[in-house]
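Report on the following structure.
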Amino acid sequence: MTIRPIRYLGDPILRKPAKKVRKVDDSIRRLVDDMIESMVAAQGVGLAAPQIGVGLRIVVLGMPEQEPLALINPTVARRSGERRLDAEGCLSVPGYRGAITRSRKVTVKALDLDGKLVRVKADDDLLAQALEHEVDHVNGVLYVDRLDSPDDLVKLDAQGWAQEPDGDAGEAGAGDSTGDDERPAGVTTAGPSTDGA
């Protein structure tokens, strides 16, 4: 297994829809092993193949106290309800969190590492958020594309706390604006994407 470097906002691969995996074989399983290793090393709960420079529809999820899960060719089969999340982040947009709207219930269908069809259901939890977030990645969409306003993006200080407008640290993910226009390169917010992802 190899820890692969994470690609950051501005890298063109993050904006391209990933290609479907034609066959789940040993090379795909090795890639999944590298993805899990890379996700764990970066202290993430999810990672999509484009985030390590591979344009394939593969995601891995690592929920707390659960075995990592790999999904090949994931698609959102069903979603319902809405919930506002104050602090979504991304390994490809380090140092920032954003307030966005995600679905309450999410069902994703995909292939497992044996090439068998699986469905993963999540209801109003971190898994529901991560499923949508990672499927967005393989569709070339980042969470910053789903911000309603640039003010919904919050820069974090070195300890991971949201910066208050006066420069003091507040609670992480509080959704407070930084009071300045320091945003990562490539962030434009014209409202949620309409690509169905």
Exactly one of (1) within 13 Å of the chain's Cα centre (by Cα); (2) surrounded by 15 or more Cβ atoms within 10 Å (Cβ to Cβ); (3) in a loop (DSSP other than H, G, I, E, B); (4) not acidic (Asp, Glu) is unmet by Pro50. Its number?
(3)
With respect to Leu113, is the statement that it is in contact with a helix residue (DSSP H, G or I) (Cβ under 8 Å, 6 or more places away or on another chain) and aliphatic (A, V, I, L, M) true?
yes
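Being at negative phi and acidic (Asp, Glu) is the filter here; which residues of the range 65-120 pass it? Spell out the reasoning first.
Looking only at the range 65-120, we keep the residues that are at negative phi, and these are 66-72, 74-80, 82-94, 96-114, 116-120.
Listed by number, the residues that qualify are Glu67, Glu82, Asp86, Glu88, Asp112, Asp114.
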Restricted to the range 71-96 and to residues being in a strand (DSSP E or B) and aliphatic (A, V, I, L, M), the residue surrounded by the fewest Cβ atoms within 10 Å (Cβ to Cβ) is Ala77
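For every residue, the table says whether it meets (1) part of a helix (DSSP H, G or I); (2) of a type in the set (Lys, Arg).
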| site | (1), (2) |
| --- | --- |
| Thr2 | no, no |
| Pro5 | no, no |
| Leu14 | yes, no |
| Arg30 | yes, yes |
| Met35 | yes, no |
| Ser38 | yes, no |
| Gln43 | no, no |
Quickly run through the range 113-164 and pick out the residues that are among the charged types (D, E, K, R) and in a helix (DSSP H, G or I).
Glu132, Glu134, Asp136, Asp145, Arg146, Asp151, Asp152
Output the residue which, of all residues in the range 126-167 that are among the acidic types (Asp, Glu) and at pLDDT below 95, is nearest to Ile6 (Cα to Cα).
Asp157
Would you point out which residue out of Pro68, Pro17 is within 23 Å of Val120 (Cα to Cα), surrounded by fewer than 21 Cβ atoms within 10 Å (Cβ to Cβ) and touching a strand residue (DSSP E or B) at 6+ places or on another chain (Cβ under 6 Å)?
Pro68
Filter the range 121-145 for residues that are within 17 Å of Asp11 (Cβ to Cβ) and aliphatic (A, V, I, L, M); which is nearest to the chain's Cα centre (by Cα)?
Leu142
Going by the structure shown, is Arg22 at pLDDT 95 or above, assigned to a loop (DSSP other than H, G, I, E, B) and of a type outside the set (A, V, I, L, M)?
yes
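The values are calculated or read from the model by the stated rules, or taken from the named source; none is laboratory data. Computed from a prediction, not measured in an experiment: that's the story for all the values here. Neighbour counts run over all protein chains shown; Cβ positions are idealised from the backbone, glycine included.
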